[in-house]
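**Student:** Let me begin by handing over the structure; questions about it come next.
The values are calculated or read from the model by the stated rules, or taken from the named source; none is laboratory data. From a predicted model like this one, the values you see are computed outputs, not experimental measurements. Every residue, glycine among them, receives a Cβ derived from its backbone with ideal geometry; neighbour counts consider all protein chains shown.
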Amino acid sequence: MEQKIQGVTAGSFKQAEERERLGAFGKLLRWRLYPGLFHWLFYIALAILVYFAFAPGQRGEGNLATEVVWRLWWPLLPFALLLGGRIWCGVCPFGGAADAAARLAGKRPAPPSLFRKAGPWLGASSVFAFGISFLALGLEADSGATGIILIAMTLFAVFLSLAYRGRTFCRYLCPVGMITRVYSFFSWTRPEGSGNRGEVKSCPVGLSTVSLRQPSQCHLCGGCTDARTPGGITTRFTPAGTRKPDIREFGRAEAILSLLLLGLMAADSVRMTSLFARYQQAALPVFGYNYRLAVVAGVTALTGMVLAVQLLITRLGAWRQEVTPAFAGASFALLPLTLGVFLSLALQHLWSGALPSLQTILVESRLIDWSGHMPPANVYFTSLPLKAIQFSMLGAGLFISMKVTGWDFGEKKPADGSRLAGDVRLTGAWPRRAMVLMAAAGFGFLFYLPMSGAC
Amino acid sequence: MKETIKISFYKRHALFSFIILISAVIIAASLVSGCGSTAENDPAFPEFVYRSEESLKGYRIAAASQDIMEFVPCYCGCKQDAEKYRSLKDCFYDRKTGAFDEHAASCTTCLDEAMDIDQFKKDGLTTAQIREKIDTKYAERGEPTDTPLP
């Protein structure tokens, strides 16, 4: 009897100690309402947004769906990513719908080999298609297209979960999932295995919650955690740029994705400056006065140029050696810089888009009285506090990128196993540093220019 | 032998990725090529007009509907500078010089009004009817400029 009491007491103490160790984020994952409560809130939000996307008389800009999705959620995503890693994937309504469909379908077969073998390539392609559509179609001003994307993503997530095991859509096809995955390497919150399997037998994305060797794949869905029993994943605060991925986590597809993101960020940055207007003025006659085609051509050319420069510089750096590790290493080193750019652009979008949009919505809902405002006389403006924050973020990204360039990704090992003395001076960090510094200088120049402000 | 298999596997994937990427670009390009705005007879617009597709559309409408815009008020708050802005036309054209004004290129309200005017014009409404429709729709947005009735 005494032993039992002692056992219970010791067990309770252990659990209390465990909870204490988890921190706020770990406790959130073990909260019994997580992620269900968030899923329901986002289902309701999704339904409202889809309704407004197709509501009659609602134009793109000023439409609740486009305002919330592109001027609020999208700029807030990189901040959530920096602080909480893939927390959005945990609470995402598409992921929630996929989980619900998987529960409904019961035992399903594993995704076909196409998904498993070409998964990262499919993801990289979906990110590029999504990015180019965002820039060319002007999704932030197109409520109908926004509504179609929301519905299509929900349907894809549900149908793929009905057909195959787990979150197939989220794991292989979701562009947002791919973006959060590569940037989660530099998040301050890192999931890790607790050494205990936890509550579920199989993770929706097929990870081992005991060891969690590929934390960037974890969706933080909380499926393996429970408040009553220790186990599943835990989270740990980690300063950015302290974890080197292995080649299974960051291979060639992820390296290409990192460069595609760099190209897309560069295109988005250019779009905010007068350089874009100048380009369009010159390009429109060439592309038959088709505005969107000229954008597609410009973004593709810019992204292609980034890929070509990276390939050339890596080829030179890893002369007569295996290129893939050097290429992956250089691409990985660019991620913190592009995350800094992502955050800076998000701030610009919040400043020039979200705040005025929120004001318009409040005025039209008659929640505030407004006698009108004067938009800036000039299309492009320079706000010194905003610029200071943007350059700080860019600088932080550059600092971490430069730190990462010093890591050994294995490119010093020639493919044939031999060591070529003449090549040693050409290997190491310099190609990555050159690429990072070039990219930083390019973004520094773009951020120095006045950027557009919306009404 | 193992090495050979490994290399061909990687090559296949590189090819696959290339096909996927090219397909994505072609799909995106063909998606947009049919629905982009086209106009070969544009006036010589200044650079800022090209900052967005909406802005270009708005200025094209302004160039074609100056006579209507003269009698339509601006609702974005231009009333605060009543000397410079007396109607929606002044948001697109400088009153004094007659050159294109930069204001509307970054103003959602002005561009929205231009799009509506274009739609109402296509629907066959008269200038007076367009004015009435705009007044009804944008009354909530802010104070209108002091614009004469048609």
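**Student:** Say whether the condition of being under 29 Å from A:Leu33 (Cα atoms) and either within 14 Å of chain B (Cβ to nearest Cβ) or not in a helix (DSSP H, G or I) (or both) is met by at least one residue in region A:96-107.
**Tutor:** Just the residues of region A:96-107 that are under 29 Å from A:Leu33 (Cα atoms), to begin with: A:96-107.
From the residues that got through so far, the ones that are either within 14 Å of chain B (Cβ to nearest Cβ) or not in a helix (DSSP H, G or I) (or both) too are A:106-107.
Checked region A:96-107: at least one residue is under 29 Å from A:Leu33 (Cα atoms) and either within 14 Å of chain B (Cβ to nearest Cβ) or not in a helix (DSSP H, G or I) (or both).
**Student:** Going by the structure shown, is A:Trp88 within 14 Å of chain B (Cβ to nearest Cβ), in a helix (DSSP H, G or I), within 20 Å of the chain's Cα centre (by Cα) and of a type in the set (A, V, I, L, M, F, W, C)?
**Tutor:** On the way: within 14 Å of chain B (Cβ to nearest Cβ): no; in a helix (DSSP H, G or I): yes; within 20 Å of the chain's Cα centre (by Cα): yes; of a type in the set (A, V, I, L, M, F, W, C): yes.
Against the criterion (within 14 Å of chain B (Cβ to nearest Cβ), in a helix (DSSP H, G or I), within 20 Å of the chain's Cα centre (by Cα) and of a type in the set (A, V, I, L, M, F, W, C)), A:Trp88 does not qualify.
**Student:** Conditions first: (1) within 13 Å of chain A (Cβ to nearest Cβ); (2) not in a helix (DSSP H, G or I). B:Gly98 passes all but one, so which condition is the exception?
**Tutor:** Here B:Gly98 meets the rest and fails (1).
**Student:** Would you pick out the residues in region A:150-183 that are surrounded by fewer than 24 Cβ atoms within 10 Å (Cβ to Cβ), within 14 Å of chain B (Cβ to nearest Cβ) and either under 17 Å from the mean Cα position of the chain (by Cα) or not in a helix (DSSP H, G or I) (or both)?
**Tutor:** A:Tyr172, A:Leu173, A:Pro175
**Student:** While we're looking at this one, here's another question. Out of (1) assigned to a helix (DSSP H, G or I); (2) within 11 Å of another protein chain (Cβ to nearest Cβ); (3) over 18 Å from A:Ala277 (Cβ atoms), what's the single condition that is false for B:Val49?
**Tutor:** If we test B:Val49 against (1) assigned to a helix (DSSP H, G or I); (2) within 11 Å of another protein chain (Cβ to nearest Cβ); (3) over 18 Å from A:Ala277 (Cβ atoms), just (3) comes out false.
**Student:** A further question on this structure: From the list B:Lys121, B:Lys133, pick out the single residue that is in contact (Cβ under 8 Å) with a residue 12 or more places away in the chain, in a helix (DSSP H, G or I), surrounded by fewer than 19 Cβ atoms within 10 Å (Cβ to Cβ) and within 18 Å of the chain's Cα centre (by Cα).
**Tutor:** B:Lys121
**Student:** Scan region A:105-158 for residues that are modelled with pLDDT of 90 or more and either within 17 Å of A:Val205 (Cα to Cα) or outside the structural domain of A:Glu67 (by TED's automatic domain parsing) (or both) and jot them down.
**Tutor:** Matches in region A:105-158: A:Phe156, A:Ala157, A:Val158.
**Student:** Moving to a separate point now. Within region B:80-94, can you find the residues that are out of contact with any Gly (no Cβ under 8 Å at 6 or more places or on another chain), within 11 Å of chain A (Cβ to nearest Cβ), not acidic (Asp, Glu) and not in a loop (DSSP other than H, G, I, E, B)?
**Tutor:** B:Cys91, the sole residue that qualifies.
**Student:** Looking at (1) at pLDDT below 80; (2) assigned to a loop (DSSP other than H, G, I, E, B); (3) within 9 Å of another protein chain (Cβ to nearest Cβ), which one does B:Tyr75 not meet, given that it meets all the others?
**Tutor:** (1)
**Student:** Right, next: Which residues, taken from region B:52-72, are assigned to a loop (DSSP other than H, G, I, E, B) and more than 16 Å from the chain's Cα centre (by Cα)?
**Tutor:** The initial filter retains those residues of region B:52-72 that are assigned to a loop (DSSP other than H, G, I, E, B), namely B:52, B:65, B:70-72.
Those that are assigned to a loop (DSSP other than H, G, I, E, B) and more than 16 Å from the chain's Cα centre (by Cα): B:Glu70, B:Phe71, B:Val72.
**Student:** Got at least one residue in region A:15-22 being within 30 Å of A:Ala157 (Cβ to Cβ) and either modelled with pLDDT under 60 or part of a helix (DSSP H, G or I) (or both)? It would help to see each step written out before you state the result.
**Tutor:** As a first pass, look at region A:15-22 and keep what is within 30 Å of A:Ala157 (Cβ to Cβ): A:22.
Those still in the list that are either modelled with pLDDT under 60 or part of a helix (DSSP H, G or I) (or both) too: A:22.
Checked region A:15-22: at least one residue is within 30 Å of A:Ala157 (Cβ to Cβ) and either modelled with pLDDT under 60 or part of a helix (DSSP H, G or I) (or both).
**Student:** List every residue pair whose Cβ atoms lie under 8 Å apart, where the two residues are 6 or more positions apart in sequence or sit on different chains, the first residue falls within region A:114-135 and is at the interface with another protein chain (Cβ under 8 Å from one of its Cβ atoms), and the second residue, located anywhere, is of a type in the set (D, E, K, R).
**Tutor:** Hits for this filter: A:Ala124/A:Glu254.
**Student:** Mind checking which pairs have a first residue in region A:393-404 that is modelled with pLDDT under 90 and in a helix (DSSP H, G or I) and a second that is buried (at least 17 other Cβ atoms within 10 Å of the Cβ) and among the hydrophobic types (A, V, I, L, M, F, W, C), Cβ under 6 Å, 6 or more apart or different chains?
**Tutor:** A:Val404/A:Ala333
**Student:** Looking at A:Ala377, A:Ala301, which one is on the phi < 0 side of the Ramachandran plot and at pLDDT below 90? Give the derivation first.
**Tutor:** Values: A:Ala301 fails: at pLDDT below 90.
Going through A:Ala377, A:Ala301 in turn, just one is on the phi < 0 side of the Ramachandran plot and at pLDDT below 90: A:Ala377.
**Student:** Criterion first (among the hydrophobic types (A, V, I, L, M, F, W, C), within 17 Å of B:Phe48 (Cβ to Cβ) and more than 9 Å from every other protein chain (Cβ to nearest Cβ)) does A:Leu275 satisfy it? Talk me through it step by step, then tell me what you get.
**Tutor:** On the way: among the hydrophobic types (A, V, I, L, M, F, W, C): yes; within 17 Å of B:Phe48 (Cβ to Cβ): yes; more than 9 Å from every other protein chain (Cβ to nearest Cβ): yes.
Yes; evaluated as a whole, the condition is true for this residue.
**Student:** Of these, A:Ala240, A:Ala266, which one is surrounded by fewer than 24 Cβ atoms within 10 Å (Cβ to Cβ), modelled with pLDDT of 85 or more and hydrophobic (A, V, I, L, M, F, W, C)? Step through it out loud before you land on a result.
**Tutor:** Numbers: A:Ala240 fails: modelled with pLDDT of 85 or more.
One residue alone meets the criteria, A:Ala266.
**Student:** While we're on this one: With the checklist (1) touching a helix residue (DSSP H, G or I) at 6+ places or on another chain (Cβ under 9 Å); (2) in a helix (DSSP H, G or I); (3) modelled with pLDDT under 85 in hand, flag the one item A:Gln359 doesn't pass.
**Tutor:** (1)
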